[in-house]
1. Which one, Tyr232, Leu167, Val196, is farthest towards the positive end of the dipole of the chain when Lys and Arg carry +1 and Asp and Glu -1 on their Cβ?
2. Any chance you could give the angle, 0 to 90 degrees and rounded to 10, that helix 216-226 forms with the longest Cα principal axis of the chain?
3. Give me Phe172, Phe98 ranked fewest to most by other Cβ atoms within 10 Å of their Cβ, as a rough exposure proxy.
4. Which angle between 0 and 90 degrees, to the nearest 10, do you get for helix 180-200 versus the longest principal axis of the chain when only C-alpha atoms count?
5. Which of Val185, Met112, Gln144 sits closest to the plus end of the dipole of segment 100-239, meaning its Cα is farthest towards the positive end, when Lys and Arg get +1 and Asp and Glu get -1 on the C-beta?
6. Compute the semi-axes of the equivalent ellipsoid of segment 151-239, taking the square root of 5 times each eigenvalue of the Cα gyration tensor, and list them largest first in whole Å.
7. Can you give the charge dipole size of the chain about its Cα centre, rounded to the nearest 20 debye, using +1 on the beta carbon of Lys and Arg and -1 on the beta carbon of Asp and Glu?
8. If packing is taken as the mean number of other Cβ atoms within 10 Å per residue, what is the order of 81-89, 218-226, highest first?
Amino acid sequence: ILKPYRERKRVIKLALVIKCSRSSKLSMTVPAVVFWQWVNQSFNALVNYTNRNAASPITPKQIGVAYVTATSTALVTAVGLNLYTKKAPPLVARWVPFAAVAAANCVNIPMMRQQEILNGIAVTDEDGKILGHSRKAAVKGITQVVISRVTMAAPGMIILPIIMQRLEKYRFMQKITFLHGPLQVMMVGVFLIFMVPAACSLFPQRCSMAVSKLEPELRESIISQYGERVSYVYFNKGL
C-alpha cells in the first residue's frame, strides 16, 4: 500500500473520533470548549508531525513550541468566538468550532514544519536529482497542505450544523434527542470518508515550481549548471 494511502486511512480513523466527539457537543460550556480544542490540537500536532517532509528534522523544543502555539490559538479563537456569539443565532454559534480549527491549522502546520520554512526543502529535477533546497518551495507546499486540511473539515463542520438545525425542528427528532450524538457521528463519518481523499487530492503530492520563482541564489545556481534544460523543479509537499 502506498504511504500516502496509509496516512489517509490513519487520518480517517483518528479524525473521525476527534471531530465527531467535538461536533456532537453542540451547546458547550467554556471548559468543554477548552477540553475539546485541546484534544483536537493534540491530535493535529501528531498528524502534522508524522506527515511532514521527513527530510526536514525538528527538535523536541520546536515541537513543544508548535504544539503550545497552535493549541493557544485554537483556544483563544474558540473561547473568544463562543463568548461573542452568545447572543447570535444558534447556527452561528455552531460554526465556532470550524473557525477555531481553521485558525489553528494556519498556525499548527507551519509551526510544526518550521524547519522546512527556515532551511528549505529539497527540490529536484524531473528525474529526481536534487538541485538544492528552497524556502519558497516549502512555503508553497505548506500553504497547499493548510488549504487541504481546512477544506477537509469544512463540509462536516459547516453543512452538518445546518442539517441538524433543520432536523431538530421535527417532532420525531425532538423525541429521540439521545440519538442526536450518534447521528452526528455517522454523518461526520460519511463526510470524512469522501472529504479526506478529496482534500488530499486538491494538489499533487509532487509539487512543481518554476525556476524563475525560486530564490535568486538557487535560481542562478540551477541556470549556471543546467541552462534552460531545467525550467521547473519538483518537491514533496507532505500531507
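All of the numbers you see were taken from the coordinates with simple rules; none came from a lab. The shown structure was predicted, so the numbers you read here are calculated from the model rather than taken from an experiment. A quick note on method: Cβ atoms are made from the backbone with ideal geometry, for glycine too, and the neighbour counts reach across all protein chains shown.
1. The Cα lying farthest towards the positive end belongs to Leu167.
2. The helix 216-226 is inclined about 50 degrees to the chain.
3. Phe172, Phe98
4. 10 degrees
5. Of the candidates, Val185 comes out farthest on the positive side.
6. Working through the eigenvalues yields semi-axes of 51, 10, 8 Å.
7. Here the size comes out at about 1000 debye.
8. Result, highest mean Cβ count within 10 Å first: 218-226, 81-89.
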